[in-house]
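To keep things clear, I will list the structure first and then write my remarks on it.
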Amino acid sequence: MCTRRGLLLAVALLPGTAAAAWPQPDLPAGTDAADVSRHIVFNGLDMHARVFTSSQSQAEVVAFYRKLWNGRVVVNPMGAAQVVGHMEGDYYVTVQVSASGSGSKGNIGIVDVATAPKHFERGKGLPRPMGSTVFNDIAYPDDPTPARTVAMRNRLSPRQNEAFFRERLGADGWKPADANRCADDGCVLRYERGDSKMTLVMSPLDGQSQVTINLVDP
C-alpha cells in the first residue's frame with residue numbers, strides 16, 4: 001500500500017522554484033486514485049496528495065506522463081521507484097511510481113511553490129535537544145482531528161533523548177499516558193495534555209538517534 005512517507009520522500013526531490021486553481025493531472029487508463037489529504041503542509045509548503053494503483057506497468061505510467069507533459073519532465077530514481085516531476089504554473093507535480101504485481105502503484109503530490117514561506121522553521125514550538133536537526137515538519141490542518149508529525153536526528157542515545165523529553169514535556173504540563181517503554185534499541189513514549197496527545201518514537205540510526213513526534217491537537 002502507498003504511504004504518506006513515500007509520497008513525502010518523492011516531493012523532497014522538487015527544485016527550489018518560485019495562484020491559480022490546483023492542477024488535477026490525468027490518470028493512465030486502468031488507474032484508480034484516492035485522496036490522502038486535500039491539504040498537507042510539508043515543511044511549510046501547501047500540498048495536495050493522492051495515491052493510486054494501476055494495471056499499467058511502471059514504465060508505461062512513466063511514459064504516459066512524459067507524453068502528457070510533452071517531455072517537460074524530470075525523472076529521478078528513488079530506490080526501485082521512479083519519480084516524474086513537472087512544473088505547471090505555480091505548482092510542482094510529482095508522480096512516484098513503483099512496480100506492483102503485474103501493474104504498478106504510486107503517489108501524486110502537487111505542491112504550491114509560489115506561496116512557499118521564506119523563513120519556515122521546522123519543529124517550531126516543540127522541544128528539541130541541542131544539536132538536533134529537524135528534517136521534516138508535516139501538518140494535516142484540515143483533517144477531522146488536526147495532526148502534525150515532526151522528525152529530527154541528533155547524536156544522543158534513545159535513553160538520553162527520553163530523559164530530555166520527559167523533563168521538558170513534564171515542565172510544559174504533559175503527563176505520561178501509559179507505561180512508556182524505553183530500551184537500548186529504542187523508546188516509545190505517549191503523553192497527554194488536556195485533549196492533546198503526543199507520541200514520541202526514538203530509534204538508533206547509524207550512530208545517531210531519530211526522534212519522530214506525532215502530535216494530535218483537536
| message | Checking the conditions here, which among Pro129, Pro158, Pro117 is open to solvent by less than 70 Å² (accessible area, probe 1.4 Å) and within 18 Å of His39 (Cα to Cα)? | response | Pro117
| said: Condition first: under 24 Å from the mean Cα position of the chain (by Cα), of a type in the set (A, V, I, L, M), outside any loop (DSSP other than H, G, I, E, B) and over 30 Å from Ser57 (Cα atoms). Can you find one or more residues in segment 174-193 that meet it? | reply: yes
| note | A careful count of residues in segment 194-218 that are more than 25 Å from the chain's Cα centre (by Cα) and open to solvent by less than 30 Å² (accessible area, probe 1.4 Å) gives 0
| field | Residues of segment 161-193 satisfying the condition of being of a type in the set (Phe, Trp, Tyr) and open to solvent by less than 40 Å² (accessible area, probe 1.4 Å) | value | Phe165, Trp174, Tyr191
| message | Given the condition modelled with pLDDT under 90 and buried (at least 18 other Cβ atoms within 10 Å of the Cβ), answer yes or no: does some residue in segment 14-33 qualify? | response | yes
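The values are calculated or read from the model by the stated rules, or taken from the named source; none is laboratory data. Values in this document were obtained by computation on a predicted structure and should not be read as measured data. Cβ: placed from backbone, ideal geometry, glycine included. Neighbour counts: every protein chain shown. Please note that ligands, DNA and RNA were not included when accessible areas were found on the heavy atoms of the full protein model with its side chains. Shrake-Rupley method; radii C 1.70, N 1.55, O 1.52, S 1.80 Å.
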